[in-house]
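Report on the following structure.
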Amino acid sequence: MNDEALSERGQVMEDVTEDIIHDKLWLKVLIGMVLGVLAGYALAPSGLALYSNDPFEADQLAEWIALPGKLFLGLIQMVVLPLVICSIILGINSSRNFNFVKHISFALIPYFVVTTTIAITIGIFLVQILRPGDGFTEEQITNLMNSGAANDTIPDYNLTDLTIPQRLVNLIPTNIAQAELDKNMLQIVIASILAGIGLLSISVHSAQPLIDICKSVQMLTMKIIGWAMIIAPYAVFGLLCDIIIRTGFDAMENILMYALTVLIGLVAVFVMYMIIAVTLGKRSLLAFLSEIREAQLIAFSTSSSGATMPVSIAVAEQRLRVKPAISRFIVPLGATINMDGTAIYQAIAALFLCQVFGIELGGMEILLLLMTTIGASIGTPATPGVGIVVLSTILIGIGVPPSGIAMILGIDRLLDMCRTTINVSGDLTACVVMDRWLKIE
């Protein structure tokens with residue numbers, strides 16, 4: 001039964017992966033992205049205004065155009081939580097060896113923290129050197145702030161008033177349902193890890209029913225992700241078109257320096273991964289780039305580490321020849337706590353907005369920002385666009401109006417796709433490093 005379920009689960013994962021790759025989804029998404037930008041410029045009141053010069057009428061049209069994108073995001077968000085929970089539990093139990101879990105955790109967690117710290121440091125250095133937030137006029141700031149684009153991204157709560165002991169206690173989810181409502185992914189991850197370790201400590205006979213349920217749920221969620229991918233190109237088209245219609249193409253032009261800073265930072269993090277893969281993972285650079293390409297393309301297409309998870313696991317095992325016990329532990333965990341692309345984006349965005357609003361941070365304040373960003377990036381939900389919500393919590397802590405997010409929202413869809421690609425690349429890099437470090441048969 002166990003081998004049969006495992007084989008069936010592997011077949012479902014392979015089917016979903018092959019469907020995505022063979023349909024050239026990445027190419028369709030790129031076409032949708034280009035057409036979305038062009039259509040948005042053509043329909044925006046500040047662009048060609050082919051539909052209407054009235055912003056209200058244009059917003060109504062944008063809402064309909066964005067419908068496929070909203071449906072796509074809804075499908076992804078619906079299944080990511082059970083997919084992450086079940087994948088972590090199954091990853092921990094794939095070896096049925098508690099010593100293995102302890103061994104890999106002691107190596108993996110420090111590795112994640114170090115790479116995330118380096119990524120954020122790169123971001124802080126770049127934004128201080130390039131200073132993309134300088135030179136904005138009061139009129140530009142006012143127009144962007146009044147666009148209303150960030151109204152739905154500002155959370156109704158924040159954790160800035162909690163003491164350190166309270167934050168530590170808050171890591172334990174006393175109410176799983178509330179953790180889900182609050183999108184507190186770190187609590188969900190910790191609960192999943194505890195459940196997975198708990199299953200290791202009881203007999204196989206007693207643990208097997210819950211493990212089988214997790215396998216069934218994982219297969220179900222991967223099937224739904226496969227269906228969601230069908231509308232991904234239309235989703236990207238609609239979401240980009242919607243943003244440009246609402247905020248205007250001029251708004252995007254004004255923040256190109258910010259976008260360039262983020263992209264330079266993401267490239268720097270990717271170079272760091274390649275160095276790690278070659279030096280610590282002992283992989284050929286060109287071969288490694290070729291082997292992870294499919295997972296990167298799907299990550300770019302979906303903007304979701306969670307949705308890419310089945311593909312990442314398949315790439316790790318079939319292309320990179322990483323042992324299943326390692327890949328099925330690292331990829332689900334990495335999709336929720338190894339967010340270097342998101343971390344460097346949040347650091348750059350926060351300091352960029354500080355520059356825009358004339359807020360100067362001292363050395364200790366920047367150090368606090370670094371530590372806060374590390375904590376915020378760990379447990380960021382692996383779904384499209386959620387990084388912008390986490391960013392608003394960081395901004396509250398450093399005195400920047402969260403509504404300032406409106407200034408960067410216009411370009412965020414593209415940057416979200418890019419940083420997700422880096423996040424997934426980081427998970428696969430960790431897989432090859434741990435596969436070499438940990439001598440597991």
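Residues in the stretch 18-57 that are farther than 17 Å from Tyr234 by Cβ, at pLDDT below 80 and of a type in the set (D, E, K, R): Glu18 alone.
Test Gly265 against the stated conditions and say whether it is over 30 Å from Pro68 (Cβ atoms), open to solvent by 20 Å² or more (accessible area, probe 1.4 Å) and either modelled with pLDDT of 85 or more or not hydrophobic (A, V, I, L, M, F, W, C) (or both). Even if it seems obvious, please write down each step before you answer.
Working: over 30 Å from Pro68 (Cβ atoms): yes; open to solvent by 20 Å² or more (accessible area, probe 1.4 Å): no; either modelled with pLDDT of 85 or more or not hydrophobic (A, V, I, L, M, F, W, C) (or both): yes.
Against the criterion (over 30 Å from Pro68 (Cβ atoms), open to solvent by 20 Å² or more (accessible area, probe 1.4 Å) and either modelled with pLDDT of 85 or more or not hydrophobic (A, V, I, L, M, F, W, C) (or both)), Gly265 does not qualify.
For the stretch 106-133, a residue qualifies if it is more than 18 Å from Tyr345 (Cα to Cα) and either without any contact (Cβ under 8 Å) to a residue 60 or more places away in the chain or open to solvent by 70 Å² or more (accessible area, probe 1.4 Å) (or both), and the qualifying residues are Phe106, Ile109, Pro110.
Screening Gln166 on (1) more than 26 Å from the chain's Cα centre (by Cα); (2) at pLDDT 75 or above; (3) among the polar types (S, T, N, Q) shows it passes everything except condition (2).
When the residues of the stretch 90-101 are filtered to those that are assigned to a loop (DSSP other than H, G, I, E, B) and surrounded by fewer than 16 Cβ atoms within 10 Å (Cβ to Cβ), which remaining residue is modelled with the lowest pLDDT?
Looking at residues that are assigned to a loop (DSSP other than H, G, I, E, B) and surrounded by fewer than 16 Cβ atoms within 10 Å (Cβ to Cβ), I get Arg96.
For the structure I just gave you, tell me whether Ile85 is under 18 Å from Phe329 (Cβ atoms), open to solvent by 40 Å² or more (accessible area, probe 1.4 Å), in contact (Cβ under 8 Å) with a residue 12 or more places away in the chain and within 22 Å of the chain's Cα centre (by Cα). Judged against the criteria, Ile85 is a match. If you check Ala316, Ala335, Ala382, Ala376 for being in a helix (DSSP H, G or I), at pLDDT below 85 and open to solvent by less than 20 Å² (accessible area, probe 1.4 Å), only one passes: Ala335. If a residue has to be part of a helix (DSSP H, G or I), in contact with a helix residue (DSSP H, G or I) (Cβ under 8 Å, 6 or more places away or on another chain) and at pLDDT 80 or above to count, how many in the stretch 102-143 make the cut? Count: 20. Could you list, ordered by first residue, the pairs with Cβ atoms under 7 Å in which the first is in the stretch 163-190 and open to solvent by 40 Å² or more (accessible area, probe 1.4 Å) and the second is small (Gly, Ala, Ser) and at pLDDT 75 or above, at least 6 apart or interchain? If the second residue must be small (Gly, Ala, Ser) and at pLDDT 75 or above, the pairs left are Ile176/Ala191. Applying the condition of being without any contact (Cβ under 8 Å) to a residue 40 or more places away in the chain and in contact with a Leu (Cβ under 9 Å, 6 or more places away or on another chain) to the stretch 44-69 and asking which residue is surrounded by the most Cβ atoms within 10 Å (Cβ to Cβ) yields Tyr51.
The values are calculated or read from the model by the stated rules, or taken from the named source; none is laboratory data. Fair warning: this is a prediction, and the values are worked out from it, not measured in the lab. Please note: Cβ atoms are built from the backbone with ideal geometry, for glycine as well, and neighbour counts cover all protein chains shown. When the accessible area is computed, the model is the full protein with side chains, heavy atoms only, and any ligands, DNA or RNA have been set aside. Shrake-Rupley method; radii C 1.70, N 1.55, O 1.52, S 1.80 Å.
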